[in-house]
1. Obtain the nm distance between the two label points defined at Asp15 and Asp84 by a simple spin-label model: each point lies 7 Å from its Cα along the Cα-to-C-beta direction.
2. Sequence-distant or interchain residues sharing an amide H contact under 5 Å with Gly76, placed H: which?
3. Can you give the relative contact order of region 14-142 as a percent, counting alpha carbon pairs under 8 Å and 6+ residues apart?
4. Can you classify region 75-122 as rounded, prolate or oblate using the Cα gyration tensor, where a ≥ b ≥ c are the square roots of its eigenvalues, rounded means a/c under 1.5, and otherwise it's prolate if a/b beats b/c and oblate if not?
5. Between Gln22 and Ala123, with labels modelled 7 Å along Cα→Cβ, what's the label distance in nm to one decimal, could you check?
6. Per-residue HN-Hα couplings for region 57-74, Karplus 6.51 cos²θ - 1.76 cosθ + 1.60 at θ = phi - 60°, whole Hz, x for Gly and Pro?
7. How much length, in nm to one decimal, is gained on full extension between Ala42 and Ser144, taken as 0.36 nm per residue of separation minus their Cα-Cα distance?
8. When the gyration tensor of region 14-142 is built from Cα positions, what are the square roots of 5 times its three eigenvalues, in whole Å, from largest to smallest?
Amino acid sequence: MATKKTSNAEKVFSDAELEAMQDAKIERKKGKKGDGLADLLAKIAELNDSDRAIAERLHALVTENAPDLSPKTWYGMPAWANKDGKVVCFLTPAGKFDSRYASFGFNDPARLDDGSVWPTSYAVTKLTPADEKMFAALLKKSVS
């Protein structure tokens, strides 16, 4: 039986997406045996300078404002999970997907409900003191 070769134009997932899926596979294999903090810090160390600065500051903000969240990686990206292991918030570095900005997002375990519509992801090019104050409040609310 002949197999059809896939051209780049027909490629369903980008190389970055395929890498993220492989990272997720490794994370699942590690399970609870992994060292979430070490994994997160290793991923942060791999980031380009601007993404690393954002990730380091976000990690400090999570640690300060939502200390019950545990650091981990999620699809190879910095993330923080609740006691049930569910990712509450995560950073998508700009460099990972060749984006013009990183994003800091919240998943549904975050308790950010505000009426019938609310934001769950934020574009980040750098963190100002005002941005940090906003994220600190969101992190506190996300685990309240």
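1. The answer from the label model is 3.8 nm.
2. Those qualifying (amide H under 5 Å, at least 5 residues apart or on another chain) are Ala24.
3. Values: 179 pairs, mean separation 27.8, N = 129.
22 percent.
4. Oblate shape, in that a/c is at least 1.5 and b/c is the bigger or equal ratio.
5. My value for the distance between the label points is 3.1 nm.
6. 5, 5, 4, 5, 5, 5, 4, 6, 9, 9, x, 6, 7, 9, x, 6, 10, 9
7. Between Ala42 and Ser144, full extension yields 33.8 nm more.
8. Output for region 14-142: semi-axes of 21, 18, 14 Å.
Values in this text are rule-based calculations from the coordinates and carry no lab data. Everything numeric in this text was worked out from a predicted model, so none of it was measured. Methodologically, a virtual Cβ is constructed for each residue, glycine included, from the backbone with ideal geometry; neighbour enumeration extends over all protein chains shown.
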